[in-house]
1. Taking the condition of being of a type outside the set (A, V, I, L, M), within 21 Å of Cys208 (Cβ to Cβ) and within 19 Å of the chain's Cα centre (by Cα), how many residues in the range 13-37 meet it?
2. Across the range 376-399, what is the total count of residues that are in a helix (DSSP H, G or I) and closer than 14 Å to Lys328 by Cβ?
3. Could you list, in sequence order, the residues of the range 400-409 that are in a helix (DSSP H, G or I) and in contact with a strand residue (DSSP E or B) (Cβ under 6 Å, 6 or more places away or on another chain)?
4. In the range 315-330, what residues are in contact with a helix residue (DSSP H, G or I) (Cβ under 9 Å, 6 or more places away or on another chain) and open to solvent by 60 Å² or more (accessible area, probe 1.4 Å)?
5. Taking into account only those residues within the range 35-58 that are crowded, with 19+ Cβ neighbours inside 10 Å and outside any helix (DSSP H, G or I), which is modelled with the highest pLDDT?
6. Looking at (1) farther than 20 Å from Lys114 by Cα; (2) not in a strand (DSSP E or B), can you tell me which one Lys84 breaks?
7. Is it the case that the range 168-179 has a residue that's within 25 Å of Ser8 (Cα to Cα) and modelled with pLDDT of 95 or more?
8. Restricting attention to the range 412-429, which residues are assigned to a loop (DSSP other than H, G, I, E, B) and either surrounded by fewer than 17 Cβ atoms within 10 Å (Cβ to Cβ) or in contact with a Phe, Trp or Tyr (Cβ under 6 Å, 6 or more places away or on another chain) (or both)?
Amino acid sequence: MALFIFDSVKKEKVEFKAIKNNDVKVYVCGPTVYDDSHLGHARSAIAFDILHRTLKANNYNVTMTKNFTDIDDKIIKKMNDTNKSLEEVTNYYITAYKNDMNILNILDNTLEPKATENLDVMIEMIEDLISKDIAYAISDGVYFDVSKDKEYGNISHRASDENSQARVEVNTQKRNSSDFALWKFEKQNDVSFDAPFGKGRPGWHIECSAMINKHLAYKDETYQIDIHGGGADLLFPHHENEAAQTRCSTKAHLAKYWMHNGFVTINGEKMSKSLGNSFFLKDIVKAYSGEVIRFYLLTAQYRTNFNFNEEDLIASKKRLDKFYRVKKRVYGVGQSTVNKELQNDLMKALNDDLNTPKAIAIIDEYITKANETLDKEPKNKNIKKELVASFEFINDLLGVGFNDAYKYFQFGISHDDIQKIEELILKRTEAKKNKDFETADKIRDEISALNISIMDTPNGVVWEKL
């Protein structure tokens, strides 16, 4: 079954073919680590996690890479605001980001390079570009001369002084208004590093070009990697500038395919800290589990803009609840083989440019049929075993349905309350063993008063929030 993806450069769906054998090299632009993760980070992470899972399901060997930008103006501002070192700020937010990704059930990356750990290769690439007169130094830094790259603009189909990096501070010494910084010379209260062309720190774009060249690049191919991804806002200027640097320095194209996920809006407004409507994940996961957020974000195709609102989130959670109610009906049963029709339908949906809305609609239909079948044949173990195997496949492919069927419905209960409930269940079990049914019933009533339902099953006592 062929895999098709939407190439942002060609602006059409194309059949994916790996550069070499069954090996796929993917690089996704990661976060600048100066603050907590928000829904935009979640959207991008989940989109490319689905790509990762789909490639694996198609039997590709995936090298998944996501960088951390750990030197930047915003990081320096955070250092000054908090009186903390660069390492203290960035390590804190890298740890927080990874924790958020774990909550969202994102597969581990193969590589996670940091900018500050790859300064040597950035300096080498800049020196190479200077030696070719493609880069030049002026009073505030080293710049890339876009006029020297005949293909500049071929990635985004935009090449003008829209270049936001050029417009931050207009420098009349630049050869062209669109020229962008490769290296920023040291300023007062700045973080800086030694380099042959002057003490300072790297520009944003050079990081990814240099790290891809060091950690991933095929050195004997037309393209360095198979897929380069990120948010739609990175297409220009970031990815355009990356591509230019790589072309001019290595004579190779950076990526065979370019993929970009859409924006997240909140009740119709583009997510932006300046608008004060940026949803931090750390806040939203207090009210909804990471799995519920993941499932909700999968209800829209990754390239579309996503309007986040709580009404739709609640409706999406109800769809996931139905999944877990069927999972409860096969609780404790072993597994056999995946339903072939479900497997083929889901693979067909995801191989069509990661069509997760269609995949979720297929799962909805499968859940409805599963309930009907279990109603007719509640003791049919073969049906139950196939369901268990199919649920495992759904988890592997979409990253949802991984929770214990009962623990899923326990979300939102505090650790102390969980401890109290489980202690009461133990006391009730002991009372029943001693045939003290009066005490057992009283304890059950006490548990019910906590808005908890308990069920005696062949696998022991299970419970959930009503």
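1. Within the range 13-37, residues that are of a type outside the set (A, V, I, L, M), within 21 Å of Cys208 (Cβ to Cβ) and within 19 Å of the chain's Cα centre (by Cα) number 9.
2. Selection size over the range 376-399: 4.
3. Within the range 400-409, just Phe409 meets the criteria.
4. Selection gives Lys317, Arg319, Lys322, Arg325, Arg329.
5. Out of the qualifying residues, it is Ser37.
6. (1)
7. Scanning the range 168-179 turns up at least one residue that is within 25 Å of Ser8 (Cα to Cα) and modelled with pLDDT of 95 or more.
8. Gly412, Ser414
The values are calculated or read from the model by the stated rules, or taken from the named source; none is laboratory data. Since the model is a prediction, treat every value here as computed from it, not as a measurement. Please note: Cβ atoms are built from the backbone with ideal geometry, for glycine as well, and neighbour counts cover all protein chains shown. These area figures cover heavy atoms from the full protein model, side chains too; ligands, DNA and RNA do not enter into them. Shrake-Rupley method; radii C 1.70, N 1.55, O 1.52, S 1.80 Å.
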